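The values are calculated or read from the model by the stated rules, or taken from the named source; none is laboratory data. Note that the structure is predicted; figures quoted are calculated from it, not measured. Cβ atoms come from the backbone with ideal geometry, glycine included; neighbour counts cover every protein chain shown.
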Amino acid sequence: MSAPFSSPGELSGGAAASPGHLPRSAWIEVDLGALGHNFRAIRRSLPAGTALLYVVKDEAYGLGALAAARVALANGADRLAVFTLSEAERLRSAGITAPILLMGERLPEELPWVLRLDLEPCVGRLEIATALDALARQQGRPAPVHIKVNTGMNRFGLPWRAARSWAAELAALTGLRFEGVLGHFAQSDEEDKTFARVQLERFHQSLEALRAAGIEPRWKHHSNSGGALDLPEAHLDLVRVGLLAHGVYPSRVCRRLEDLRPVMTVKARLVAIQEVEPGDTVGYGMRWRADRPGRIGVLPLGYGDGFPRVRNEGHALIRGVRVPLVGGVAMDALTVDLTDLPGAAVGDEAVLMGRQGAEEISAHDLAALKRSVSYDLLAGWRSRLPRLYRHASPPNAP
Ligand SMILES: *Cc1c(COP(=O)(O)O)cnc(C)c1O
């Protein structure tokens, strides 16, 4: 099996081709210059003392974790975070030495790998803290950990209500080095920040309990992109940013930074055009019927690539014009009505997500078709769409 993510390389005309891939007429362009630019912009928006951690879980939401991590680290990110050992292993084996936060919760069999890969795991259960403590003492090297506090998300973490009790128990684990302590917002990007402030207050109470037990971690953190934008009082020592770095805002109401640029564009070339007569139908189920003579354009990507499986909904951009999808999206193809775009020809480049001329189809627009969120939509682009990396800018370029 070939690697799903190609190494950075220049774009060429015609079908997309990149090292490790045969040509394909549908692809994703990842603008690493824009990613670096966004990191510099986010860095500038934070106080000098606040560190910037880049969350590269799920292949950096589909960009390709390794290429994205390298650009981020060269442009203002200090640390990385992933969710699985394999994700961390791929970064380490490619030579990434930056601190890596391992988010989520572990099972005992994962702990030897946590140490071997030199990761900083979140610990949200005393049993795991104890097991890691024993392993670290056995190996004669303290294990750095981030204490995960459940401040109201009720997913991972030690419960804030019992902070005094678990803080005392953690303090006895001499094999652990308490590098950080974190919480996670259940709602940070909506207008109403009431519960976010409740969570932050609970977090501060937990920090107080840790202090009373003699634990004062270096890195206190509770913010994702929404918190980084809208809750400056929650910046603390470090913010954990994923989505925002890709030029996509977590919601329509959160604060805007100056000049963030879109990083990911999904493209395809028109590979066939069919002439239809009134009464002709298009696609499976025959759910679209021509009411005039027209032309149907075929783009060679579908739900097997992560495009939402809709019918008679959504758009593509061709020659700077927004053309409607007609018929159903199939696994490998979707069809657009080109009747009002007589110049369109086989070989034309179409944009399915991103900008073309003055038009834009955002991740939010596409997510709405799927009745989901931009995170799901971005991470949902499948690995069979080749990633083409462009504009790898030199570190710290203006
Ligand atoms: C995914 C994740 C983040 C990043 O969230 P964004 O909204 O993409 O910035 C931060 N912290 C944790 C614990 C996460 O799981």
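Scanning segment 240-253 for residues that are in a loop (DSSP other than H, G, I, E, B), within 17 Å of residue 365 (Cα to Cα) and within 13 Å of the ligand (Cβ to nearest atom) returns 247, 248, 249, 250, 251. Within segment 220-237, residues that are assigned by TED's automatic domain parsing to the domain that holds residue 207 and in a loop (DSSP other than H, G, I, E, B) have Cβ atoms under 8 Å from residues that are of a type in the set (Phe, Trp, Tyr) and more than 9 Å from the ligand (Cβ to nearest atom) in these pairs: 222/203; 237/219, counting only partners at least 6 apart in sequence or on another chain. Here is a check on your reading of the model: is residue 287 more than 16 Å from the ligand (Cβ to nearest atom) and either buried (at least 23 other Cβ atoms within 10 Å of the Cβ) or more than 17 Å from residue 151 (Cβ to Cβ) (or both)? Taking the combined requirement at face value, the residue satisfies it.
Meeting the requirement of 3 or more residues that are among the hydrophobic types (A, V, I, L, M, F, W, C), the strands (runs of 3 or more DSSP E) wholly within segment 293-398 are 294-299, 315-318, 349-356.
Inside segment 111-141, can you point out the residues that are among the β-branched types (Val, Ile, Thr) and within 16 Å of the ligand (Cβ to nearest atom)?
Result: 123, single match.
Filter segment 93-110 down to the residues that are away from the ligand (no atom under 12 Å from the Cβ) and surrounded by fewer than 20 Cβ atoms within 10 Å (Cβ to Cβ) and list them by number. The answer is 93, 94, 95, 96, 97, 98, 99, 107, 108, 109, 110.
Restricted to segment 44-92, and to residues that are within 14 Å of the ligand (Cβ to nearest atom), among the hydroxyl-bearing types (Ser, Thr, Tyr) and part of a helix (DSSP H, G or I), which residue is surrounded by the most Cβ atoms within 10 Å (Cβ to Cβ)? Filtering segment 44-92 for residues that are within 14 Å of the ligand (Cβ to nearest atom), among the hydroxyl-bearing types (Ser, Thr, Tyr) and part of a helix (DSSP H, G or I), the one surrounded by the most Cβ atoms within 10 Å (Cβ to Cβ) comes out as 61.
Within segment 340-355, if we keep just the residues that are closer than 24 Å to residue 261 by Cβ and surrounded by fewer than 20 Cβ atoms within 10 Å (Cβ to Cβ), the residue that is farthest from the ligand (Cβ to nearest atom) turns out to be 349. Filtering segment 189-213 to residues that are more than 16 Å from the ligand (Cβ to nearest atom), assigned to a loop (DSSP other than H, G, I, E, B) and closer than 22 Å to residue 244 by Cα leaves 191, 192.
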